Amino acid sequence: MTGLRGRRVLLGVTGGIAAYKAAYLARALQEDGANVTAVLTASATRFIGPDTFSGLTGNPAHSSVWDAPGSVLHVELAHATDVLVIAPATANLIAKLAHGLADDLLSAVALEYGGPVVLAPAMHAGMWNAPATQQNVRTLAGRGVRFVGPVEGPLAHGDDGVGRMSEPDEIVSVVRSAATGPSPTVGPLAGRRVVVTAGATHEPIDPVRFLGNRSSGKMGVAIAAEALARGADVTLVLGPARVRPPTGVDVVEVGTAEEMRAAVRAHADADVIVMAAAVADFRPKRPADRKLKKDHGVPELVLEPTVDILAELGEAKRPAQVLVGFAAETDDVETAGRSKLAHKGVDLLVANEVGRPDTGFGADTNVAAILSAGGRDVATRTWTKQKLAGALWDQVGLILAERGQGS
């Protein structure tokens, strides 16, 4: 049975280049079982027409409060909706929702509507990073609105940055969670304190250079976002990364393995700790305090191991606490993962293949298995990072349920 079967989804479309993606989203929502009705702003119709959505969904698409004379259209639409998703959501639309404005059909529906709301922002990076937009996002997140994206990628005017709308399958996943599950404030992880690590660590060679790895932080950020969507109080310990943390989590930024260790230890009383970061295994034993000059010859680097944060957490783990580790491997992935599962004292271990363009560091997908100390493994497959995050929290939820409500 598909996740959105029988659910009535109102798809709001605003005026941005990404409006064309909303047509793909409408089809994807339908394929997941939803009954979709579209509402377009006047600006959206400059990019894509209502007839496109009428043809895709089989329902009339609307763009004006005057589309149905004799009826109170915004009230009818709001009361006939199980979940409202707006994609793309422009900075202007986000501002209007944050301040309760209702000067067109879509914003009037949103103000009247009292159910779950999902926003997929799309705008230029400068607009997304503007303090006003970030304040509006925080305001809406505080009201329980779910955000998916934006992500980093090509933008209008030939630029690159954070502001690109998330892909339809990722938006569908969040809509499904919003439509079929409880609200974030009463979700399955409500009342749980969660720590997630993400990104790489950079171990200094000198003030300019460092030893590091290719981790983008995408996987850890996806795990943190999913925990937040399920109602958890989330602390994200974030090393150097190429992705923005989700709105609504408490972010602790770190650089080195030792800094990450200190940050995790400061929050080690959490109910769940997920060590998704790619912590460097080695660091220079004696980093130079000045830049090493090329004309002085090739320096000899003496390395020493960094602290094994996961092993430390495993040794100190409380009986009710859930600890999750990650293993990034290029060969014998599951074998290496099972060894780590046995020796690190973790409850779950994500054995993740790396070294190929379509999996692991920087990719949007992972070839991975979820290994369980309790024998409840999830077999190796190709996942989007969002779906892997969801499956991981499903497994954590089962463990928490078995151990009761104590922390």
Practice item. State the answer as a single residue: which of Thr57, Tyr24, Gln135 lies farthest towards the positive end of the charge dipole of region 8-181, with beta carbon charges of +1 for Lys and Arg and -1 for Asp and Glu, about the Cα centre. Key: Gln135
**Study point:** Highest-first arrangement of 73-82, 142-151, 303-312, where packing means the average Cβ count within 10 Å
**Key:** 142-151, 73-82, 303-312
Study note, to complete from the structure: Per residue, the convex hull enclosing the alpha carbons of region 113-172 has a volume in Å³ of 87
Check your understanding: Which percentage, to the nearest 5, of the DSSP beta bridges contained in the chain is antiparallel?
Key -> 30
Review point. When the Kirkwood hydrodynamic radius is evaluated over all pairs of different C-alpha atoms of region 8-181, what value in angstrom, to one decimal, is obtained?
Key: 15.8
Point to revise | Nitroxide proxy distance, nm - points 7 Å out along Cα→Cβ at Met127 and Thr335 | key: 5.3
Exercise for review: Tell me the Kirkwood hydrodynamic radius of the chain in angstroms, computed as one over the mean inverse distance between distinct C-alpha pairs.
Suggested key: 22.6
Practice item. Place a +1 charge on the Cβ of each Lys and Arg in region 298-407 and a -1 charge on the Cβ of each Asp and Glu, then give the dipole magnitude about the Cα centre in debye, rounded to the nearest 20. Key: 520
Exercise for review: With springs connecting C-alpha atoms under 10 Å apart, model the chain as a Gaussian network and identify which of Gly345, Gly231, Gly191 has the largest mean-square fluctuation.
Suggested key: Gly191
Check your understanding: ³J(HN,Hα) across region 370-383 via Karplus (A = 6.51, B = -1.76, C = 1.60, θ = phi - 60°), whole Hz, x for Gly/Pro?
Key -> 9, 9, 10, 5, x, x, 9, 6, 10, 5, 4, 7, 8, 10
Exercise for review: Give the value in nm², to one decimal: projected area of the alpha carbon convex hull of region 187-403, averaged over all directions.
Suggested key: 12.3
Point to revise | Sequence-distant aspartates and glutamates (8 or more away, or on other chains) whose Cα lies within less than 20 Å of Lys294 | key: Glu203, Asp206
Review point. Between Leu323, Asn366, Ala351, whose Cα lies farthest towards the positive end of the dipole of region 187-403 when Lys and Arg beta carbons carry +1 and Asp and Glu beta carbons carry -1, centred on the Cα centre?
Key: Asn366
Check your understanding: Within region 8-181, what percent of beta bridges assigned by DSSP are antiparallel, to the nearest 5?
Key -> 20
Check your understanding: Magnitude of the Cβ-charge dipole of region 187-403, K/R +1 and D/E -1, about the Cα centre, nearest 20 debye?
Key -> 360
Study note, to complete from the structure: Exposure proxy check on Thr52, Thr14: fewest-to-most Cβ neighbours within 10 Å is Thr52, Thr14
Check your understanding: If the label point is 7 Å along Cα→Cβ of Ala401, which residues in region 361-384 have backbone nitrogen under 15 Å from it?
Key -> 376
Practice item. Take each uninterrupted DSSP H stretch in the chain, measure its Cα extent along the helix axis, and return the ones at 20 Å or beyond whose mean Kyte-Doolittle hydropathy is at least -0.5. Key: 385-403
Check your understanding: Among Ser43, Ser166, Ser63, which one moves the most in a GNM of the chain with springs linking Cα atoms closer than 10 Å?
Key -> Ser43
Study note, to complete from the structure: Expressed as a percent, the portion of alpha-carbon pairs in region 127-237 spaced more than 18 Å apart is 63
**Study point:** Gaussian network model of the chain, springs between alpha carbon atoms under 10 Å - residue of Pro50, Pro319, Pro188 with greatest fluctuation
**Key:** Pro319
Check your understanding: About the Cα centre of the chain, what is the dipole size in debye to 20, counting +1 per Lys and Arg Cβ and -1 per Asp and Glu Cβ, all else neutral?
Key -> 300
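Every number in this text was worked out from the coordinates using simple rules, so none of it is lab data. What you see is a predicted model; the values in this text were computed from it and never measured. No Cβ is skipped: glycine too gets one built from the backbone with ideal geometry, and neighbour counts run over all protein chains shown.
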